[in-house]
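In what follows, a single structure is set out as structure tokens and then discussed.
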Amino acid sequence: MTHATLKIIREEHAALAAMLRSIPLLLAQHRRHGTLPDFANLRAMLFYVDEFPEKRHHRKESELLFPKLRARTPLSRDLLDHLDEEHAHGEHSIRDLEHALLGFEMIGEPRREAFEHAAQRYVDFYLAHMAMEEEQILPLAERVLTERDWAELDEAFATNKDPLTGHEPEADYRALFTRIVNAVPAPIGLGPAG
């Protein structure tokens, strides 16, 4: 049986991965053309990461999913602790990346390379983090969680409604998501059809 929580987590990971992978592509394209990127689009993408995955998605994993796994099995406790540390570190990392972007925007070319490297490190970190969750934690959850656990998780995760997974954006976020979707290169795409 496929649980809604697993579907939601995987969809959110896929949408976030597509957007994150687009950042180095956009930066490389501008480097090749000797142009500066659209800083507003990059700020929108980083703001999204801070607002949705960092504050909503990770919080539910760390506060709901991971404690249920710890209660059901001693397996992977070290891995869960590691992922929780990465969640906490991610909030600081996104701020550091936003600061590096601001430096690039304000100072220009002398800060391009530093931002590009910081962005690539962040993207690599985040993709590895999501892969670890999908390859190790989600299969473990499928094996050890009870139907009651899943019912509670499904109810909580159903409220996520991440617009990059095809949900209608909250009114305050409509312009943000329109900007992000329009900024992402066509071959990558976002959402369920992307």
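Give the calculated FRET efficiency between R143 and E63 to the nearest 0.05, with a Förster radius of 25 Å applied to their Cβ-Cβ distance. Efficiency, rounded to the nearest 0.05: 0.70. Rounded to the nearest 10 degrees, the angle from helix 174-183 to the longest Cα principal axis of the chain is 70 degrees.
Along the axis of the charge dipole computed for segment 4-183 (Cβ charges of +1 for Lys and Arg, -1 for Asp and Glu, origin at the Cα centre), the listed residues H82, A28, H99 are led at the positive end by A28.
Positive end of the dipole of the chain (Cβ unit charges, origin at the Cα centre): among P110, Q136, V123, the Cα lying farthest that way belongs to P110. Entry note, the chain: relative contact order of 41 percent, from Cα contacts under 8 Å with a spacing of 6+ residues. In the chain, the longest principal axis of the Cα atoms and the axis of helix 112-132 are about 20 degrees apart. What angle do you read, to the nearest 10 degrees and between 0 and 90, between the alpha-carbon axis of helix 147-157 and the longest principal axis of the chain? So the inclination is approximately 20 degrees.
The residues neighbouring P24, those whose beta-carbon lies less than 14 Å from its own, together hold a net charge of +2 under the Lys/Arg +1, Asp/Glu -1 convention.
Electrostatic bookkeeping for R112 treats Lys and Arg as +1 and Asp and Glu as -1; over the other residues with beta carbon under 12 Å from its beta carbon, the sum is -2. The relative contact order of segment 78-192 comes to 16 percent, based on Cα pairs under 8 Å that sit 6 or more residues apart. Sorting the segments 23-36, 126-139 by their mean number of nearby beta carbons within 10 angstrom, highest to lowest, gives 126-139, 23-36.
The modelled label-to-label distance for the pair E134/T178, using points 7 Å beyond Cα in the direction of Cβ, is 3.0 nm. Backbone geometry of segment 76-93 corresponds, through the Karplus equation with coefficients 6.51, -1.76 and 1.60 at θ = phi - 60°, to 3J(HN,Hα) couplings of 6, 4, 5, 5, 4, 4, 4, 5, 4, 4, 5, 4, 5, 5, x, 5, 6, 4 Hz, x marking Gly and Pro.
If you take all other residues with their beta carbon under 14 Å from the beta carbon of R148, and give Lys and Arg +1 and Asp and Glu -1, the sum is -3.
Dipole of the chain, Cα-centred, from +1 at each Lys and Arg C-beta and -1 at each Asp and Glu C-beta, to the nearest 20 debye?
So the magnitude is around 400 debye.
Quick note: the coordinates plus some simple rules give every number you see, no bench work behind them. Predicted model, so just to flag it, every value in this text is computed and none were measured. Cβ coordinates were reconstructed from backbone atoms using ideal geometry, including for glycine residues, and neighbour counts include every protein chain displayed.
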